[in-house]
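What follows is calculated from the coordinates using simple rules that are stated; it is not laboratory data. Remember, it's a predicted structure, so these values are computed and weren't measured experimentally. Backbone-built Cβ (ideal geometry, glycine too); neighbour counts: all protein chains shown.
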Amino acid sequence: MLLSEIRRDDRFEGFLIVRSAEQRASANGKNYLDMTLADRSGSINAKMWDGTVQPPLAGSVVKVRATGNEFNGRMQLRVEKIRAAEKRDEVNMADLIPCAPEDGKAMLAEVVRAADRIADPDLRRIACCLLDRAGDRLLTFPAAKQMHHAERSGLLHHTVTMLRAAAALRTVYPQLNESLLTAGIIVHDLAKIDEMDADALGLVADYSVDGKLLGHIVRGVVNIQTACEKTGASPAKALLLQHMVLSHHGIPEYGSPLPPKFPEAEVLHMLDTLDARLYEMTEALSRAVPGGFSEKVWGLDNRQLYRIPDEDLTK
């Protein structure tokens, strides 16, 4: 049962994410737990009237046994038992938060292989250096707080999809430099690990100070310069990558002070835009009924999208 489905007196037993938890005192002076628990359908307030239980850590996963209760017109959970999730529970995180459709470790291995195969030694050194800097944070890190690929392992999902699309595109446009395009795709969003504060579950609490003052585009340019100096790579090659990062949003209104000025930078921008828009379309249409329209999608200029019924098209 999802939290959004719970009604008064419904029994619930399952795993939830702790958004917040604290011990409070009731009017009669007795302690109780006040919590906000969540799954992929939303969040709910929960009370546990046993004041001896310590509040679980925010961001942790817990197993809960509870009953649905209504208070002031809103659903609550009256918790009877709660414990931390254990490894043997084998919790499916996709039930609790939006997750990329592929395993994070497999996607990271694919990105690392692509970096290792970059033929140009300078571009390879920079890309590998920045991947090493990101480390295991990439396994769960999202690509955004709310927009496209705002999901566990979303940054890897976005990167892997673009690498695969670029490989297909190069068969049509062989004049594209494979080393430059591959390196540009790998590094273009890596500075998002500096831009956002995300926990081990892939949930973003807020933008970091670095993110609010610089943002991932400017930070990405700085990180490439640092990697170039650290690895002894060619400054001229680093400059090309810096331009790709600087221009990958395309226009000033979206954060890029310069438009793409060579083919690989243009393709990076186009693939970034395509992947982001198709992700948002797919997500919005998954919530629409066949033959109906989605809610307005802010990231697509508030468009309402039409979900074509399966029977209307032949594969």
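Residues of the stretch 254-269 with the amide nitrogen closer than 14 Å to a label point 7 Å from the Cα of Tyr207, along Cα-to-Cβ, please.
In the stretch 254-269, the label zone of Tyr207 (backbone N under 14 Å from the point 7 Å along Cα→Cβ) covers 254-256.
Under 8 Å for C-alpha pairs, at least 6 residues apart: give me the relative contact order for the chain, rounded to a whole percent.
Once normalised by length, the contact order is 11 percent.
Given the pairs Lys87/Lys230; Lys63/Lys145; Lys212/Lys296, which are separated by over 31 angstrom at their Cα positions?
Lys87/Lys230
Amide H neighbours of Leu96 under 5 Å, counting only residues 5+ apart in sequence or on other chains, H built in-plane at 1.01 Å?
Amide H to amide H, under 5 Å and 5 or more residues apart or across chains, Leu96 pairs with Arg40.
By how many degrees, 0 to 90 and rounded to 10, does the Cα axis of helix 215-231 deviate from the longest principal axis of the chain?
For helix 215-231, the angle is close to 60 degrees.
For the chain, what proportion of DSSP beta bridges, expressed in % and rounded to the nearest 5, is antiparallel?
Restricted to the chain, the bridges split so that about 90 percent are antiparallel.
How big is the charge dipole of the chain about its Cα centre, in debye rounded to the nearest 20, if each Lys and Arg gets +1 on its Cβ and each Asp and Glu gets -1 on its Cβ?
520 debye
State, as an integer percentage, the relative contact order of the stretch 98-283 based on alpha-carbon contacts under 8 Å between residues 6 or more apart.
Result for the stretch 98-283 is 22 percent.
For the charge dipole of the stretch 157-216, defined by +1 on Lys and Arg C-beta atoms and -1 on Asp and Glu C-beta atoms about the Cα centroid, which residue among Ile193, Tyr173, Val204 has the Cα displaced farthest towards the positive pole?
Most positive-ward Cα: Tyr173.
Starting from 0.36 nm per residue, how many nanometres of slack lie between Asp136 and Tyr173 once their C-alpha separation is accounted for?
Gain on stretching Asp136 to Tyr173: 9.9 nm.
Using the Cα centre of the stretch 3-93 as the reference point, and only Cβ charges (+1 on K/R, -1 on D/E), how large is the resulting charge dipole? Debye, rounded to the nearest 20.
Approximately 100 debye in magnitude.
Efficiency by 1/(1 + (r/R0)^6): what FRET value for Asp89 and Asp116, r their Cβ-Cβ distance, R0 = 51 Å, to the nearest 0.05?
About 0.90, to the nearest 0.05.
Mind checking the stretch 1-86 for GluC sites (Glu not before Pro) that DSSP puts in a loop (not H, G, I, E or B) and that have at most 12 other Cβ atoms within 10 Å?
Passing sites in the stretch 1-86 are Glu86.
If you find the alpha carbon centre of the stretch 115-142 and of the stretch 217-278, how far apart are they in angstrom?
Cα centroid of the stretch 115-142 versus Cα centroid of the stretch 217-278: 15 Å apart.
If you count, for each residue, the other Cβ atoms within 10 Å and average over each peptide, how do 140-153, 288-301 line up from highest to lowest?
Sorting 140-153, 288-301 by mean packing, highest first, produces 140-153, 288-301.
Along Cα→Cβ, 7 Å out, is where each label goes; now give me the distance between the ones at Leu300 and Tyr254 in nm to one decimal.
1.5 nm
Which angle from 0 to 90°, rounded to the nearest 10, does the C-alpha axis of helix 121-134 make with the longest principal axis of the chain?
10 degrees
Using amide H atoms built 1.01 Å from N in the peptide plane, name the residues 5+ places from Glu80, or on other chains, whose amide H lies under 5 Å from its own.
Arg65, Ala66, Thr67
Assuming 0.36 nm per residue, please report the length gained on full extension of the stretch Ala109 to Asn28 beyond their Cα-Cα distance.
This chain segment gains 23.5 nm when fully extended.
Mind checking the angle between helix 235-247 and the chain's longest principal axis? C-alpha axes, 0 to 90 degrees, to the nearest 10.
So the inclination is approximately 50 degrees.
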